[in-house]
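The values are calculated or read from the model by the stated rules, or taken from the named source; none is laboratory data. What you see is a predicted model; the values in this text were computed from it and never measured. With ideal geometry, Cβ positions are generated from the backbone for all residues, glycine too; neighbour counts draw on all protein chains shown. When the accessible area is computed, the model is the full protein with side chains, heavy atoms only, and any ligands, DNA or RNA have been set aside. Shrake-Rupley method; radii C 1.70, N 1.55, O 1.52, S 1.80 Å.
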Amino acid sequence: MNDKPVILVTRKLPDAVEARLKRDYEARLNPDDTLYSKEELIERARGADGILPCHTEHFSAEVIGRLPEEVKIVANFSVGFDHVDIAAAKKRGLVVTNPPDVLSDATAELTMMLMIGAARRASEGERLVRTGEWKDWSPAFMVGTQVTGKRLGILGMGRVGQVTARRARGFDMEIHYHDVRRLPPEVEEGAQYHGTLEDMLPICDFLSIHCNATPETTGLMNAERFALLPDGAIFVNAARGAIHVDDDLIEALQSGKLKAAGIDAYNNEPTIDPRFAKLANTFLMPHIGSATTETRDAMGFRALDNLDAFFAGDEPSDRVA
Ligand code: 8YV
C-alpha cells in the first residue's frame, strides 16, 4: 500500500526536484508543462494532500473555497505569493509556504542586467548588430547613460533588494531605499533610508522595484510619482508588474521623463501591453529573474523542505499562511 502523501505539481520542474518528489511523495507531475485552467486545477487536486504550484496558478478565494478538502498545503515554487488569496487560505486553514532567500542572487543579477541594459541601450544595440543595420560609427553613436557612481533608489529593501544594493555598490552606486520599516545599521550597510517614497524619488537616478505586490503597493508607481523622479531617470522592475501603472510608465517613457526602463515583470503576463515592445528605450525580459539552473533547483528543494516539514508534523519554516 502506498501511504506517501499525494502532491499535485502544476508545472514541469527541474529533473533533480522531480526525482526527489518521486522518491518521497506520490507525485502527480505535469511532464508536458500544460497550463491548467481553474477547473482543471480543482479537478486534478482531487485526492491530493498538497499542491506545489508556480505563480501561474491563481488561488483566488473562489478557487480556495472549491479545493477538495483533502488538500491541506500549497507549497509555492515562487517567492511571490500575490497569486494566492492569503486571507481566504487562512480562513480555510490551508497552509501556504514560499521559498525565500534562494532566488535573491539570481534576481539581483537580472536586476543589474536590466539596469545596465536599459542605461546602455542594449536592446537597440543588439538589434542593430543582428539585423545587419549597423553601418557606421561616430562619437555620438548609441550614447547611453553611465551607471557607475549614480544614485540608486530601492523600493522594498527585503532579501532581493539587499542583494541588489550589494551588487550595485560594486558599481560605486549610492544606495537609497524606502520600505515600511527601517533596517538595522549592519543590514543597511550605509544605505540611506527614506521614510516615504515621495522623499526618495527626487534623488533616484535609477529606481528599482523589489517590494511584494499587495493591495498597498499595487499601482504605487503612477503618473504622480513618476513625475517626482529626476528628468532622465531609469526605471527597473524585476518584481511584479502590479507595482507600476502601464499607461503612466509608457507615458513617462514616451515623453522622455524617463530615459529608459528595464522590465522583467509586467501586468497581464505574458499578454503584455504591446506598446512596451514598440519603444526603443525599453529593455525587456520575459519574467526570468530566477531562471538559472542553480536557483530553479534550489526553489524546488526549498518548496520540498516545506512539504517535508509539514507532512512530518512540524511547522514549515517558510509559512506565509
Ligand atoms: C519565479 C518569481 O520564476 O518567485 C517569484 O516570485 O517571480 C519568479 O522568480 C516564478 O514566480 C515561479 O513561479
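Bridgeable lysines around Lys12 (alpha carbons under 22 Å apart, same-chain partners fewer than 8 residues away excluded): Lys4, Lys22, Lys38, Lys72.
Looking at the stretch 143-238, the trypsin sites (Lys or Arg not before Pro) that sit in a DSSP loop and have at most 13 other Cβ atoms within 10 Å of their own Cβ are Arg181. Within the shell of other residues whose beta carbon sits under 13 angstrom from the beta carbon of Ile175, the net charge comes to -1, with Lys and Arg scored +1 and Asp and Glu -1.
With each label modelled as a point 7 angstrom along the Cα→C-beta vector, the Arg181-Glu40 pair spans 4.1 nm. Each DSSP beta bridge with both residues in the chain is either parallel or antiparallel, and the antiparallel ones are about 5%. Once the Cα atoms are used to define both axes, helix 15-24 deviates from the longest principal axis of the chain by about 20 degrees.
Look at the alpha carbon pairs under 8 Å that are at least 6 residues apart: their mean separation over the length of the stretch 104-284 gives a relative contact order of 23 percent.
Which order do the peptides 82-92, 309-319 take when ranked by the mean count of other beta-carbon atoms within 10 Å per residue, highest first? Write down the numbers at each step before the final one.
On the way: 82-92: 17.4, 309-319: 14.3.
Put in order of decreasing packing, that is 82-92, 309-319.
Report the one residue of Phe141, Pro5, Leu304 whose Cα lies farthest in the direction of the positive end of the charge dipole of the chain (charges on C-beta: Lys and Arg +1, Asp and Glu -1; origin at the Cα centre). Going by the Cα projections, it comes out as Phe141. Based on Cα contacts under 8 Å between residues 6+ apart, the chain shows a relative contact order of 18 percent. Taking Cα centre as origin and charging only the Cβ of basic (Lys, Arg, +1) and acidic (Asp, Glu, -1) residues, the dipole magnitude of the chain rounds to 340 debye.
For the stretch 104-284, the antiparallel share of DSSP beta bridges with both residues in that region comes to about 0%.
Sorted by accessible area with a 1.4 angstrom probe, largest first, how do Asp32, Asp105, Asp308 fall? Don't skip to the answer; put the middle values down first.
Numbers: Asp32 125, Asp105 85, Asp308 50 Å².
I get Asp32, Asp105, Asp308, largest accessible area first.
For the chain, the per residue solvent-accessible surface stands at 47 Å², with DNA, RNA and ligands left out and a 1.4 Å probe.
Accessible surface for Glu251 stands near 100 Å², nearest 10, in the context of the full protein assembly shown (1.4 Å probe).
Relative to the longest principal axis of the Cα atoms of the chain, the long axis of helix 293-311 makes an angle of roughly 40 degrees. Summarising the amide proton neighbourhood of Lys12: residues at separation of 5 or more, or on other chains, whose placed amide H is nearer than 5 Å comprise Asp33.
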